[in-house]
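Structure below; questions to follow.
The values are calculated or read from the model by the stated rules, or taken from the named source; none is laboratory data. Predicted, not measured: the structure shown is a model, and the values here were computed from it. Heads up, the Cβs are rebuilt from the backbone with ideal geometry, glycines too, and the neighbour counts pull from every protein chain shown.
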Amino acid sequence: MRRAAILLPPLLWLLLLVAAPVAILAGIALSEAAPGVPPFIPPISPEGGWQGTFANLLTLVQDDTYAAAFLRSLVVAFVTAVLCLVLAYPMALGIAAAREGWRVPLLALVLLPVWTGFLPRLGAWIGLLRDGGWVNGVLLALGFTEGPVPLLYTDAALYLGMVHAYLPFAVLPLAATLLRRDLSVEEAAADLGASPWVVFRTVTLPLSLPGAAAAFLLVFIPAAGEFVIPELLGPPEALLVGRALWAEFFQNRDWPLAAALAVALLALLILPIRLFQRMEEDGGSRRGASPPSRGSGRSPEGPKP
């Protein structure tokens, strides 16, 4: 009885805020678009009869436009996650190697862009990358180009905005993993003559793989459905799932098709979400079984003679 009383509040919370919205979204996806408010016919009539349709889900399979949007969204999310990992590793290593009093300020600097607001950061990128912006002004002043270079509304601008927005989500789990690693293993490898690069490649990188996988998924999952950054910085012809969903919902007012897009995206992301949960469970069990030591690298018997 006590266990049920403890589990009941979080179960109700998940039911109301996770399961119920997904069920409503699935119901709208099975509905038929129609004029009115709301602009669809519910799949179950007030009399209890079934009047739903799978036409919206079939449209996603039959229309190559949506398949291309899903593929491009996954590619953009994958490239963004890889770039974030490449940039996050030196930052996380620097935070882990810093003195204990400096770690919190360094982590605060990593999180500072998140605290400044999303749209102002995108507005700053627009000001930097537009034809009359600072970047083109510097290039013209240095003589690297004779005219403005088209930087805004390109794939490069899209990835710049994506990486800038999601980089903290990669740094934090990596820094947490590197702070918990056993430094004695790296010191032993260095004592045996391994160079810093060899130590990183053969010791540090394998030890940090769980944190790297978590960082990758924390960036990949939200980036796959991103809408604002591709809309404000990306090329106009780049149709991603977020932009297609927004267009169907607000412009075409086809709520059932927009809901079908959202359900399909959720289905695609279930696997990485489950992988992330599994890694969290495995990481928690390993930490509970044998917490790593952060000693000085010397054996319990004392220093070597």
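Quick grid of which residues meet (1) within 25 Å of the chain's Cα centre (by Cα); (2) of a type in the set (Ser, Thr, Tyr):
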{"position": "Tyr166", "(1), (2)": "yes, yes"}
{"position": "Pro173", "(1), (2)": "yes, no"}
{"position": "Arg181", "(1), (2)": "yes, no"}
{"position": "Val185", "(1), (2)": "no, no"}
{"position": "Leu205", "(1), (2)": "yes, no"}
{"position": "Ser208", "(1), (2)": "yes, yes"}
{"position": "Ala214", "(1), (2)": "yes, no"}
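Related question: Pairs please, first residue from region 136-149 and in a loop (DSSP other than H, G, I, E, B), second anywhere and surrounded by 11 or more Cβ atoms within 10 Å (Cβ to Cβ), Cβ atoms under 7 Å, 6+ apart in sequence or on different chains.
Taking only residues 6 or more apart or on different chains, the pairs are Thr145/Leu139; Pro148/Asp131; Pro148/Asn136; Val149/Asn136; Val149/Leu139.
Here is a further query. Quick check on region 229-256: of everything there that is more than 18 Å from Leu60 (Cα to Cα) and among the acidic types (Asp, Glu), which residue is nearest to the chain's Cα centre (by Cα)?
Checking each candidate, the answer is Glu231.
Another question, then. Identify, please: which residue in region 88-127 is over 30 Å from Thr204 (Cα atoms) and touching a residue at least 40 places away in the same chain (Cβ under 8 Å) and is, among those, nearest to the chain's Cα centre (by Cα)?
If we take residues in region 88-127 being over 30 Å from Thr204 (Cα atoms) and touching a residue at least 40 places away in the same chain (Cβ under 8 Å), then Phe118 is nearest to the chain's Cα centre (by Cα).
Could I ask something else about it? Among the residues of region 192-237, what is the count of those that are touching a residue at least 60 places away in the same chain (Cβ under 8 Å) and among the charged types (D, E, K, R)?
Here the count works out to 1.
I'm trying to understand the selection: among the residues of region 251-305, which are in a helix (DSSP H, G or I), among the small types (Gly, Ala, Ser), surrounded by 11 or more Cβ atoms within 10 Å (Cβ to Cβ) and modelled with pLDDT under 70?
Gly283
For region 218-249, give me each residue that is part of a loop (DSSP other than H, G, I, E, B) and farther than 23 Å from Ala29 by Cα.
Listed by number, the residues that qualify are Gly234, Pro235, Pro236, Glu237, Ala238.
The conditions are (1) part of a helix (DSSP H, G or I); (2) at positive phi, and Tyr159 fails exactly one of them. Which is it?
(2)
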